[in-house]
1. Given the conditions (1) touching a helix residue (DSSP H, G or I) at 6+ places or on another chain (Cβ under 6 Å); (2) modelled with pLDDT under 90; (3) buried (at least 16 other Cβ atoms within 10 Å of the Cβ); (4) within 23 Å of residue 653 (Cα to Cα), which single one is not true for residue 598?
2. For residue 375, work out the one condition from (1) more than 30 Å from residue 207 (Cα to Cα); (2) surrounded by 14 or more Cβ atoms within 10 Å (Cβ to Cβ) it doesn't fulfil.
3. Can you give me the number of residues within region 69-100 that are modelled with pLDDT of 95 or more, in contact with a strand residue (DSSP E or B) (Cβ under 8 Å, 6 or more places away or on another chain) and either exposed (fewer than 15 other Cβ atoms within 10 Å of the Cβ) or closer than 30 Å to residue 193 by Cβ (or both)?
4. Can you find even one residue in region 636-648 that is touching a strand residue (DSSP E or B) at 6+ places or on another chain (Cβ under 8 Å), assigned to a loop (DSSP other than H, G, I, E, B) and farther than 24 Å from residue 587 by Cα?
5. Suppose we filter 732, 739 for residues that are in the same structural domain as residue 630 (by TED's automatic domain parsing), crowded, with 16+ Cβ neighbours inside 10 Å and touching a residue at least 12 places away in the same chain (Cβ under 8 Å); which single one remains?
6. If you scan region 413-444, which residues turn out to be in a helix (DSSP H, G or I) and within 17 Å of residue 455 (Cα to Cα)?
7. Among the residues of region 537-554, is any closer than 30 Å to residue 714 by Cα and at pLDDT below 95?
8. Could you list, in sequence order, all residues of region 558-595 that are under 40 Å from the mean Cα position of the chain (by Cα), farther than 20 Å from residue 634 by Cβ and buried (at least 16 other Cβ atoms within 10 Å of the Cβ)?
């Protein structure tokens, strides 16, 4: 026994002491591997996660096939949950829906009837309303020969049913339909491909196992997404397919449609989108185009409309006369998701473990799987034909001595007695017409299978033509045996049989390529150079924001200050920083905020960045230049405090975390201070901090008692609070300043409060 494991015995039980760190590590690794293998990652052989495999198998077992009526999805989900996959109905139904979506799957495996969602992100109807059945493609390519012992069956979760460990898929489904998944510390992201091209690549590998990835890509040049579009980094694909990792650059298809009449406007039409734009991405694209118009990044677009339907994508941009189409197209690629990247990580389960595979390795695993299932298939067929041969030989022999067999049957007192005579020649207690017949019967030695077939033989089979048919079937059986033995005895013959199946699949189910693969020039868009100038940022209490010129502000200063919540000067090259109560910092370029006249309404701040007034509250709003060289005091409702240098918030991202918060805590106050850091890192400040709680406690201490921390730190405790107490107000004042506040109808001088130390309870004031 290991030194970190000890056993203790008592009268009633045995205790084992283990190292908790080691136990947690080992248990978590086991859990992680279980999640990877049994839920999150696809098997390289059939390209399916367990949930997809179980859905397909369940529908097949229920005879929910293409030739039968549709069946409610709720029935299928219930069967999958009850028999094979006890993980929640939503996950099963979501997986079923995806298998039926022609915009998610290059070759959908399920034929859905009803509302199965849309490419624009509309969700599917509830499972009680939708119906589904297997596609013929799935039956022929994914489930054929399942009854011929081609794959292993394993017990289900409660060992009441058997399920296939893998489906006998005859093509590399992992390539054809791709896969996406998130596991414990791992992700998989495999693009979809064209069936015909994949089969061609498989056949090329079977002909030459030393083929290179570059040579394979002559047959399968790259991804083929169900949304079409274009892959524009063709030269990088070889490296991606060799390593199994990389980024595929995608673009939508943009077509120029000139106006047919003088009165008609020219149009820019988006006819295909990147695969990554499926769902909410289309709405986000339209919103981004609107933002480009509102922020005056382009003035060439008059209107935008989404004319997409079940027939395909059609997003129409109406253009101004003499619009610069090339410039606008580059702008869309640079500023919207019309150009995006698909991150490739071809992580699969291979030989029972997670492994990132290149194209050649995936095909190699698939080909070996095809040899395996075909070996098992033809072995099963051969055995069946051996059995048929045995039976037919017995029947032919029986037909030649049918009179003797009839005599045995008539002279026997039981079926068991007659069968024993046929098998071993036992004539005991059987009545014969002559001793010769008895002697002939004693010489019989049919096999058990032959004897059973003879006893089940119907009289009409003794007709001359039926006997001829039997002999013909026997000859056919001999031919099948010879063919199966040839296939099993030669890898070359097996290869020929597999390629024949592949050619049949290709002929029946091939589709034209949808995605164009090319090396396109990078989209170049030069933003108009800003003439640096000072402007005034204005935002009212409803969140409508704008910028105006300084002269306009000075002319209307009184009205501006009285009607708006936030007013300050800044440079048009700066950013507006929005600090919120949940610890976020949202940044908006000043140049993206509409520059208008004072009386213009402005644009909601929610529409200009990631800030959402519905889910968070603004605690502090300023220009980036105001905090650049300053230290900000953060105070939370729970009494946590810290100083953060303004340089921490210089980030290119539109949204970052401005601070770390404990569970249930919120930012209560953010104040720009005069604090500086000495050579030893100690804070230098002459200011005083006063914390006021909702319960009426006041705590006064020096600002230099608060340490400087990174934005990722929680900070230190500034005030000890009661169970229900929170920070209500924060004051940062000069040391000798006589500042008076109003508290519950009376004036309180902060100067007269006793100066204490940080992390105290404070003094409670009476109302």
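The values are calculated or read from the model by the stated rules, or taken from the named source; none is laboratory data. No experiment lies behind these values; they were computed from the predicted model shown. Note: ideal-geometry Cβ built from the backbone for every residue, glycine included; neighbour counts use all protein chains shown.
1. Checking residue 598 against (1) touching a helix residue (DSSP H, G or I) at 6+ places or on another chain (Cβ under 6 Å); (2) modelled with pLDDT under 90; (3) buried (at least 16 other Cβ atoms within 10 Å of the Cβ); (4) within 23 Å of residue 653 (Cα to Cα), the one that fails is (4).
2. Single failed check for residue 375: (1).
3. 8
4. yes
5. Unique residue meeting the criteria: 732.
6. Matches in region 413-444: 415, 416, 417, 418, 419, 420, 421, 422, 423, 424, 441.
7. yes
8. 574, 588, 589, 590, 591, 592, 593, 594
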